[in-house]
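Below is one structure, written out as structure tokens, with a few remarks after it.
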Amino acid sequence: MENTNTTGSAKKILLVEDEPFLSGMYQTKLKLEGFDIEAAKDGEEALEKIKVGEFGLILLDIMMPKLNGFEVLKSIRKDKDPEIAKVPVLMLTNLGQKSDVEQGLLLGANDYIIKANFTPAEVVDKINKFLV
């Protein structure tokens with residue numbers, strides 16, 4: 001798949017996941033699909049990477065050490081840099097309660113993916129809807 005964005009950031013994804021097995025699995029799958037992946041293991045590391053990197057999309061877990069995904073999402077959406085504030089954010093989590101989904105969407109998530117309900121291939125399909 002050819003990248004039409006000259007900056008290269010369109011296919012660059014930040015994966016924020018503290019569970020090493022899941023992080024590795026998603027990184028492998030996304031690299032095989034032609035994406036450039038950076039990973040962060042907690043919310044603080046994610047915000048540091050977001051400040052210095054240009055990402056086309058952020059996959060964001062909720063339950064993480066230091067800062068949870070809701071706090072990270074709030075920070076992204078309130079960022080003074082409009083390029084950061086508008087990056088699509090897909091929540092990728094096991095929190096499936098209706099209140100969690102509503103909170104994620106209310107805070108500005110573009111989509112809410114419950115890990116147990118989606119295969120990595122289906123996650124890639126969702127990503128592709130935002131990176132066209």
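None of the figures in this text is laboratory data; all of them are computed from the coordinates on show. Treat the numbers as computed from the prediction; the structure is a model and nothing was measured. Positions of Cβ are backbone-derived with ideal geometry, glycine not excepted, and every protein chain shown enters the neighbour counts.
May I ask what percent, to the nearest 5, of DSSP beta bridges between residues of segment 12-130 are antiparallel? Approximately 0 percent, going by the DSSP bridge assignments.
Between Lys98 and Lys74, the modelled label-to-label distance comes to 2.4 nm, taking each label 7 Å out from Cα in the direction of the beta carbon.
If you take the square roots of the eigenvalues of the alpha-carbon gyration tensor of segment 17-81 and sort them as a ≥ b ≥ c, do you get rounded (a/c under 1.5), prolate (a/b over b/c) or oblate? In terms of gyration-tensor shape, oblate. Given a 10 angstrom Cα cut-off, can you work out which residue in Val101, Val52, Val16 is the most mobile in a GNM of the chain? Taking springs between Cα atoms under 10 Å, the residue moving most is Val52. By definition, a body whose alpha carbon gyration tensor gives a ≥ b ≥ c is rounded when a/c is under 1.5, and the chain falls into this rounded group.
Only helices reaching 15 angstrom along their own axis (Cα) with mean Kyte-Doolittle hydropathy no lower than 1.0 count here, and not one DSSP H run of the chain does. Couplings 3J(HN,Hα) of segment 78-95, computed from phi: 9, 4, 5, 7, x, 5, 6, 4, 9, 4, x, 10, 10, 6, 10, 8, 9, 6 Hz, in residue order, whole Hz [Karplus 6.51 cos²θ - 1.76 cosθ + 1.60, θ = phi - 60°; x for Gly and Pro]. Dividing the helix sum by the residues of the chain, where each DSSP H run of 4 or more adds -39500 (n - 2.57), gives a mean residue ellipticity at 222 nm of -12000 deg cm²/dmol.
Within straight cross-link reach of Lys12, meaning Cα distance under 23 Å, which lysines are found once same-chain residues fewer than 8 apart are removed? List returned: Lys29, Lys31, Lys41, Lys49, Lys51, Lys74, Lys78, Lys80, Lys86, Lys115, Lys126, Lys129. Loop-resident trypsin sites (Lys or Arg not before Pro) (DSSP state other than H, G, I, E or B) in segment 1-98 with no more than 15 further Cβ atoms inside 10 Å of their Cβ: Lys66, Lys78, Lys80, Lys86. Assuming charge only on the beta carbon of Lys and Arg (+1) and of Asp and Glu (-1), the dipole of the chain about its Cα centre is about 220 debye to the nearest 20.
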